[in-house]
1. From the helices alone, meaning DSSP H stretches of at least four residues, give me the mean residue ellipticity at 222 nm for the chain, per-run term -39500 (n - 2.57), in deg cm²/dmol to the nearest 500.
2. Under a point-charge model restricted to the Cβ atoms of Lys and Arg (+1) and Asp and Glu (-1), what is the dipole moment magnitude of the chain relative to its Cα centre, in debye to the nearest 20?
3. Give the accessible surface of the chain per residue, rounded to a whole number of Å², with probe radius 1.4 Å and ligands, DNA and RNA excluded.
4. I want the local charge near Thr65. Using Cβ-Cβ distances under 14 Å, sum +1 for each Lys or Arg and -1 for each Asp or Glu among the other residues.
5. In Å and whole numbers, how far do the C-alpha atoms of the chain stretch along each principal axis, longest first?
6. Out of Val50, Leu24, Pro5, whose Cα points farthest toward the positive end of the dipole of the chain (charges: +1 Lys, Arg; -1 Asp, Glu; placed on Cβ)?
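The values are calculated or read from the model by the stated rules, or taken from the named source; none is laboratory data. All values derive from a computational prediction rather than experimental measurement. Cβ coordinates were reconstructed from backbone atoms using ideal geometry, including for glycine residues, and neighbour counts include every protein chain displayed. Accessible surface is based on the protein model in full, side chains and every heavy atom, while ligands, DNA and RNA are left aside. Shrake-Rupley method; radii C 1.70, N 1.55, O 1.52, S 1.80 Å.
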Amino acid sequence: MSAYPLPGGRQIDGVLTTSFGRHLKNGTWAEHPKAKYECLLCQTTEGPVVGAAAVIAFNQTIRITHQHHTQGAQAA
């Protein structure tokens, strides 16, 4: 699959999926938060990462770090 075209020449080139998890009444996790990134241009998936701190860090940096990976792949 390639990038998804939008009006005005824009395109969707990646999908960030985040699950926020679920707490039980006693404060423990029933389901931990998760995140993954799927690039439609280079057809790779990064993640999933699991855990609140990991998901926060992943979501804040994936756009920058993945661009670095794809630039390196294109240069090779």
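1. Details: 1 runs with 24 residues, N = 76.
Result for the chain, helices only: -11000 deg cm²/dmol.
2. Values: 6 positive and 4 negative charges, 48 e Å.
In total the dipole reaches around 240 debye.
3. Details: 5750 Å² over 76 residues.
The answer is 76 Å² per residue.
4. Values: positive: Lys36, Arg63; negative: Glu46.
Summing Lys/Arg as +1 and Asp/Glu as -1 gives +1.
5. On the principal axes, the chain reaches 49, 31, 18 Å in Cα extent.
6. Towards the positive end, the residue furthest out is Leu24.
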